[in-house]
Amino acid sequence: MKKNNLMDIPHTILEEAMKTGVNVSEEETSGVFFHVDQNTIYSKVGTAFMDQVEMMDTKDALKKYPWLEEYRWKLVDPEKDEYTKTVHKDWSGGYFMRIKKDAKVTFPLQSCLMITGDKSKQKVHNIIIAEEGSDCNILTTCAQHSGAQEAAHYGISEIYVKKGAKLTFTMVHHWAEDTKVRPRTAIRIDDDAEFVSNYICMSPAKDVQMFPKAVCSGVNSKAVFNSILYVQEGNWMDIGSWAVLKGNNSNTELNTRAICRKDSTLISRGTIEGNSDKCRGHLECRGLLLDDEAVLEAIPILRATKMGAELSHEAAVGKLNEGEITYLMSRKLSEDQAIGILIRGFMDVSIMGLSPAIKEEIDKIVDLSLIHI
């Protein structure tokens, strides 16, 4: 049942959402959306932003706007794999966000997709349209209630960034140990438009596989993917990003910081395709192994089909600097404290260019996740 007031949402759900950075103070957001298990229970745009933003359940949006069918399943192929087929056949909704033409949304739009039921499969289809000249930050979180086990999340997201628009999309994953996660995301970026993706996974699921694709189709279009990954306790993650540079003067940056420990495996992928005479792309992956039981595999791929494409990559995997640990311990810190400081520095989210409000929330998540190191 949909709630009329944010505080009407059960406290246990709000508490779990806050761990992922959701701000439950409506005065500091432009809108808030909650989809729990198979239902949207809350969706509201702030009064000050009613003329700038629309946000509602995708099924409701399709009823209100028949033209939205022109956007659904146009970037993601419903026949791509078993997970897209499953969502295409049977889905529970999702979020539709529309940032209107020339809107400058000063506070972030927030959404939370949460699983609370044991052995539950959440199947959602999200659509975002950033209209011409708009500028907006979206903070979306995917979380699992601490009481739920053996769940699965299949999420389709199609994102359209129109001419001259800028969209910053920050996703935080906070899963439980036995969850299977299969997001399928695609983005189209038009002339003079920019898409920035920030992905933070500090409490990973047992099995995660995701590879979002951004197509820079417009002139001077840009795509940036930043990822902060912390993998431990037997988790398996196959994560990356894929940028296709079609437009003249299009460019991309793919940046990953990753830490693996305690019998975990991380496959970090990055692909840049240069399909324009004038395009630029750079891929960087830096990883740390904290013990001998973890595995980190970096797979950078550069593919150029035009002579003018300029593509580059850097990939490095190593360990914490023992000299730096010794130095910090000489300053009367314990070994654990010294390691924690170095990890916080390595995982610094300042590389993401987040707004101060979002950065503060992400810093809290990083600190909470590293308490038991």
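The values are calculated or read from the model by the stated rules, or taken from the named source; none is laboratory data. Owing to the predicted nature of the structure, the values given are computational and were not obtained by experimental measurement. Cβ atoms come from the backbone with ideal geometry, glycine included; neighbour counts cover every protein chain shown.
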If you go through Ile200, Ile187, Ile228, Ile239, the only one that is part of a strand (DSSP E or B), under 23 Å from Glu310 (Cα atoms) and hydrophobic (A, V, I, L, M, F, W, C) is Ile187
Problem - Filter result for Ala148 (within 30 Å of Val219 (Cα to Cα), of a type in the set (A, V, I, L, M) and over 13 Å from the mean Cα position of the chain (by Cα)) - result: no
Residue hits (the range 159-168; surrounded by fewer than 24 Cβ atoms within 10 Å (Cβ to Cβ) and under 13 Å from the mean Cα position of the chain (by Cα)) are Thr168
In the range 308-340, anything crowded, with 16+ Cβ neighbours inside 10 Å, of a type outside the set (A, V, I, L, M) and modelled with pLDDT under 90 is listed as Gly340
The condition of being surrounded by 17 or more Cβ atoms within 10 Å (Cβ to Cβ), assigned by TED's automatic domain parsing to the domain that holds Thr168 and polar (S, T, N, Q) holds, among Thr265, Thr305, Thr256, only for Thr256
Next item on the list: Could you check, for the range 57-71, whether at least one of its residues is in contact with a Ser or Thr (Cβ under 8 Å, 6 or more places away or on another chain) and crowded, with 19+ Cβ neighbours inside 10 Å?
Entry: yes
Filter the range 145-158 for residues that are closer than 17 Å to Trp236 by Cα and hydrophobic (A, V, I, L, M, F, W, C); the one that is surrounded by the most Cβ atoms within 10 Å (Cβ to Cβ) is Ala151
Of the candidates Ile267, Ile301, Ile259, the one satisfying the condition of being assigned to a strand (DSSP E or B) and within 30 Å of Gly218 (Cα to Cα) is Ile301
Expected single match for in contact with a Pro (Cβ under 9 Å, 6 or more places away or on another chain), more than 22 Å from Gly164 (Cα to Cα) and among the polar types (S, T, N, Q) among Thr141, Thr84 is Thr84
Of the residues in the range 214-224, those that are in a strand (DSSP E or B) and surrounded by fewer than 24 Cβ atoms within 10 Å (Cβ to Cβ) come to Val215, Val224
Reported set for the range 298-331 where residues are more than 25 Å from His282 (Cα to Cα) and over 32 Å from the mean Cα position of the chain (by Cα) is Glu322, Gly323, Thr326, Tyr327, Leu328, Met329, Ser330, Arg331
When every residue in the range 187-201 that is within 21 Å of Leu266 (Cβ to Cβ) and either surrounded by 24 or more Cβ atoms within 10 Å (Cβ to Cβ) or not assigned by TED's automatic domain parsing to the domain that holds Cys142 (or both) is compared, the one modelled with the highest pLDDT is Asn198
